[in-house]
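This report concerns only the one structure given below.
Readers should treat all values here as calculations from the given coordinates under stated rules, not as data from a laboratory. Keep in mind that this is a model prediction, so the values were computed, not measured. With ideal geometry, Cβ positions are generated from the backbone for all residues, glycine too; neighbour counts draw on all protein chains shown.
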Amino acid sequence: MNNIDKAPLKKLLAVFAHPDDESFICGGTLAKYSSEGVDITLVSATRGEMGRRMGNPPYLNRESIAAAREMELRQACESLGIRQLLFLDIRDKTVEFTDEDSLTARIAALIHEVDPDVVLTFHEKLGGHPDHCAIGKATTAAFQRTAHQGALYFITFGDAMERPERYGYSRKDVIKIDVHAHLEAKLAAFRAHRCQTEIDEWVWLPDQEALARFGRYEYFLKWDREAPVLVLDDLF
Ligand SMILES: [Zn+2]
């Protein structure tokens, strides 16, 4: 038996709000870990059916958009190597109005079932959209409720966390992942979310030009600020 056979399977559970959160915010990191054999489960609270972008020129309507976005998300998951995809079937733009306790209980049950080493979600204040903040708050509460052994991190936008002091954090609260080798997968995932990205001309430029628009790093905030800092370039 070699070491690979003996190594326990590492697992990551990502709990986000909309189809495309996974690709647009941390697609490089998800592609990196799936390529290293990490088993990734993605939970999308909604199907993104209230999205303002309906294709360019528009070809979707409120009836057809949910199925289209689900299909696009499944394609993006393939690009990123995400093996399990679950929906909570909450209506888009209403996550903040769902019963917090039952939402927390549902996510806690998922944490029990998946038993992840790493949980990713939104920061409940820095999420940037009410659905993001609400799913982040419930996932954080679920993580605490289960007293789970793994680590919880918050996803963040672009390179904002190059200056964590602006948000009340310090450098040692930030995990910075080099995703340079996984930007092609990230671009493929952006393109999979076609109805959302068609209007962004840069996404459809020749690959090398489009890839040049991505940053080299993706940034994550530690939930447990007291946890000992071993490395700041890896979530596991
Ligand atoms: Zn979103």
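State whether one or more residues within the stretch 194-208 are out of contact with any Lys or Arg (no Cβ under 9 Å at 6 or more places or on another chain), in contact (Cβ under 8 Å) with a residue 60 or more places away in the chain and within 16 Å of the ligand (Cβ to nearest atom). Within the stretch 194-208 (the criterion being out of contact with any Lys or Arg (no Cβ under 9 Å at 6 or more places or on another chain), in contact (Cβ under 8 Å) with a residue 60 or more places away in the chain and within 16 Å of the ligand (Cβ to nearest atom)), the answer is no, since none of the residues qualifies. Those strands (runs of 3 or more DSSP E) of the stretch 9-112 in which 1 or more residues are touching a Phe, Trp or Tyr at 6+ places or on another chain (Cβ under 8 Å), hydroxyl-bearing (Ser, Thr, Tyr) and surrounded by 22 or more Cβ atoms within 10 Å (Cβ to Cβ) occupy 39-44. Of the residues Arg145, Arg225, the single one that is in contact with a helix residue (DSSP H, G or I) (Cβ under 8 Å, 6 or more places away or on another chain) and part of a helix (DSSP H, G or I) is Arg145. The residues of the stretch 164-186 that are assigned to a loop (DSSP other than H, G, I, E, B) and either touching a residue at least 60 places away in the same chain (Cβ under 8 Å) or acidic (Asp, Glu) (or both) amount to a single one, Val179.
Being in a loop (DSSP other than H, G, I, E, B) and over 18 Å from Asp159 (Cβ atoms) is the filter here, so list the residues in the stretch 195-218 that pass it. The answer is Glu198, Ile199, Asp200, Leu205, Pro206.
Among Leu60, Leu13, Leu9, which is more than 12 Å from the ligand (Cβ to nearest atom), out of contact with any Pro (no Cβ under 7 Å at 6 or more places or on another chain) and in contact (Cβ under 8 Å) with a residue 40 or more places away in the chain? From the options Leu60, Leu13, Leu9, the qualifying one is Leu60. Please find, within the stretch 18-31, the residue that is nearest to the ligand (Cβ to nearest atom) out of those that are in contact with a strand residue (DSSP E or B) (Cβ under 7 Å, 6 or more places away or on another chain) and under 12 Å from Leu73 (Cβ atoms). Among those that are in contact with a strand residue (DSSP E or B) (Cβ under 7 Å, 6 or more places away or on another chain) and under 12 Å from Leu73 (Cβ atoms), it is His18.
Taking the conditions exactly as written (within 16 Å of the ligand (Cβ to nearest atom), polar (S, T, N, Q) and either free of Cβ contacts under 8 Å to residues at least 60 places away in the same chain or in contact with a Leu (Cβ under 7 Å, 6 or more places away or on another chain) (or both)), does Ser34 satisfy them or not? It is false that Ser34 is within 16 Å of the ligand (Cβ to nearest atom), polar (S, T, N, Q) and either free of Cβ contacts under 8 Å to residues at least 60 places away in the same chain or in contact with a Leu (Cβ under 7 Å, 6 or more places away or on another chain) (or both).
Count of the stretch 113-149 residues, restricted to those that are surrounded by fewer than 24 Cβ atoms within 10 Å (Cβ to Cβ), away from the ligand (no atom under 16 Å from the Cβ) and touching a residue at least 60 places away in the same chain (Cβ under 8 Å), is 5. Scanning the stretch 160-187 for residues that are of a type in the set (D, E, K, R), closer than 24 Å to Leu73 by Cα and surrounded by fewer than 20 Cβ atoms within 10 Å (Cβ to Cβ) yields Asp178, Glu184. Specify the residue that is nearest to the ligand (Cβ to nearest atom); the eligible residues are those in the stretch 73-112 that are on the phi > 0 side of the Ramachandran plot and more than 16 Å from the chain's Cα centre (by Cα). Result: Lys93.
Can you confirm whether the stretch 187-194 contains a residue that is aromatic (Phe, Trp, Tyr) and in a helix (DSSP H, G or I)? The answer is yes; a qualifying residue exists.
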